[in-house]
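Structure record follows, encoded as structure tokens.
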Amino acid sequence: MEPKTVGRVDGRDRHAGHFTPYAVMDTGLIHGSMLLTLDGEMPVEFLSVGDKLITRDTGISKVEHIQRSTRQVHTIAFAAGSLGDTRPEHDAHLAGDQMVLIRDWRARALFNSERALVAARALVDGEFITHLGIRETTLYQIFCDGPHILYCDGLELSTADGAKARGAVLHAA
């Protein structure tokens, strides 16, 4: 899939086309997001402190804290396969400022890098990745022993504390 809007940046969104070094306000996993854990896939709302998550950078990390809140957030829809084959595995919704690890032509085109962490709403192309507007939703922020990249709905997403050590995450294998 190649979006019809390659190279276009929406001037109304101050985050569009720019790397966001930390989550601004709409960060967290939306209710129903499926995380890859040591026990298999699990909806984020069933996750507990002490559960072990499979991560891209360290293999396994233990959940130390979960912060849950219900609020109005920018919601971004990713069509199945919009970031590559099985990425995501099925249609997925993310909070606008949730940091996504990209490892394809987008990282090279936007950041001259093999991979980059970027806010979900900066990836909106209007065709495969769309802005659904502001919606009230329950967000779950996952904190582990440090910043990690989690597998969620076939996407690679940073933990809530992931933006603090961007360099370490970007250089993960």
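The values are calculated or read from the model by the stated rules, or taken from the named source; none is laboratory data. Note that this is a predicted model, so its numbers are computed, not measured. Note: ideal-geometry Cβ built from the backbone for every residue, glycine included; neighbour counts use all protein chains shown. Heads up: the accessible areas ignore ligands, DNA and RNA and are worked out on the full protein's heavy atoms, side chains in. Shrake-Rupley method; radii C 1.70, N 1.55, O 1.52, S 1.80 Å.
Please work out whether the stretch 42-108 counts as rounded, prolate or oblate from its C-alpha gyration tensor, where a ≥ b ≥ c are the square roots of the eigenvalues and a/c under 1.5 means rounded, while otherwise a/b larger than b/c means prolate and anything else oblate? The partial results should precede the final answer.
Working: a/c = 1.97, a/b = 1.30, b/c = 1.52.
It comes out oblate by the Cα gyration axes.
Quick one: net charge of R87's neighbours, Cβ under 14 Å, K/R +1, D/E -1?
Working: positive: R56, R103, R106, R115; negative: D85, E89, D91, D104, D153, E156.
Value of the local net charge: -2.
Lys and Arg at +1, Asp and Glu at -1: add these up for the other residues within a Cβ distance under 14 Å of D51 and post the number. Walk me through the numbers before you get to the answer.
Details: positive: K52, K62; negative: D39, E41, E45, E64, D145.
Within the 14 Å Cβ shell, the charges total -3.
Counting only protein heavy atoms and using a 1.4 Å probe, what share of the accessible area of the stretch 23-165 belongs to carbon plus sulfur, as a whole percent? Display every interim value, and only then the final one.
Numbers: 2980 of 6060 Å².
Roughly 49 percent, rounded to a whole number.
How charged is the neighbourhood of G40? Take every other residue with its Cβ under 13 Å from the Cβ of G40, and add Lys/Arg as +1 and Asp/Glu as -1.
-2
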